[in-house]
1. Could you tell me which of the residues Asn186, Asn112, Asn150 is under 16 Å from the mean Cα position of the chain (by Cα) and either polar (S, T, N, Q) or at pLDDT below 90 (or both)?
2. Kindly evaluate Ile41 against the criterion of being of a type in the set (Val, Ile, Thr), in contact with a helix residue (DSSP H, G or I) (Cβ under 9 Å, 6 or more places away or on another chain), at pLDDT 95 or above and within 30 Å of Ala157 (Cα to Cα).
3. Among the numbered conditions (1) of a type outside the set (D, E, K, R); (2) under 17 Å from Leu161 (Cβ atoms); (3) touching a Leu at 6+ places or on another chain (Cβ under 9 Å), tell me where Ala103 comes up short.
4. Go through segment 127-149 and count every residue that is of a type in the set (S, T, N, Q) and within 16 Å of Gln80 (Cβ to Cβ).
5. Out of the helices (runs of 4 or more DSSP H) lying entirely within segment 92-200, which hold 2 or more residues that are open to solvent by 90 Å² or more (accessible area, probe 1.4 Å) and either touching a residue at least 40 places away in the same chain (Cβ under 8 Å) or within 18 Å of Val63 (Cα to Cα) (or both)?
6. Only one residue in Asp134, Asp71 is of a type in the set (D, E, K, R), under 30 Å from Asn186 (Cβ atoms) and at pLDDT 95 or above, so which one is that?
Amino acid sequence: MTEPPVSRRERKKAATRQAIADAALQLFLERGYDHVGIRDIAETADVSTTTVFKHFTGKEALVFDQEESTDTHLIAAVRQRATGQSVLDALRQHVLDTWLPIAAHPQRQEFNHLVDSTPALRAYAERMWARHTDTLSAAIADEFGVDHGNLACAALARFALEVPVLAQGQKDRRAAVEEVFDILANGWQPPSRPTAPPSM
């Protein structure tokens, strides 16, 4: 499906939004979230405070600037999957395609520390996670023609969105993502004990 061309005005709008988000993250990492105001961000991005609020609802939204489109992408991953591809495999591919590049970003560790050390950001992230879970669960339920409260659909949505959290600390993140999705696909099996080396 060919996407319509983006107008010059939309490109400029997107560039302004990104500049504001970049300025905010830079200041948050340098000074700490609670020591940065909207005016500071506007000055750094060379825009007015009014412009900041045109693009973002508040300080928390500035940190999670990419989250606005997450629901749309989750729905698309389910509804626009390839012919013959299962919902589970579509979600596996979505996580591999979208999360792995984010996890490899050089500022990712600083970003995680910023969120983990700031109660307001942790709470905001939890609200977003709950919203994404509801969105994905509903999209999965629609694919199978069942009610949005269907437990199987809700469980898959919750576990799929939890995969990046489980894979984050692993040395091979791609392999970790694949392993967790394999567990979802095939069921949990007890891990085998490592074989002891032969005694001399």
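1. Among Asn186, Asn112, Asn150, only Asn112 is under 16 Å from the mean Cα position of the chain (by Cα) and either polar (S, T, N, Q) or at pLDDT below 90 (or both).
2. Here the answer is no, as Ile41 does not meet what is asked.
3. (3)
4. Count: 1.
5. 108-116, 119-144
6. On the way: Asp71 fails: at pLDDT 95 or above.
Answer to the check: Asp134.
The values are calculated or read from the model by the stated rules, or taken from the named source; none is laboratory data. From a predicted model like this one, the values you see are computed outputs, not experimental measurements. FYI the Cβ positions are ideal-geometry reconstructions off the backbone, even for glycines, and counts take in every protein chain you see. The accessibility values were calculated without ligands, DNA or RNA, using every heavy atom of the protein model including side chains. Shrake-Rupley method; radii C 1.70, N 1.55, O 1.52, S 1.80 Å.
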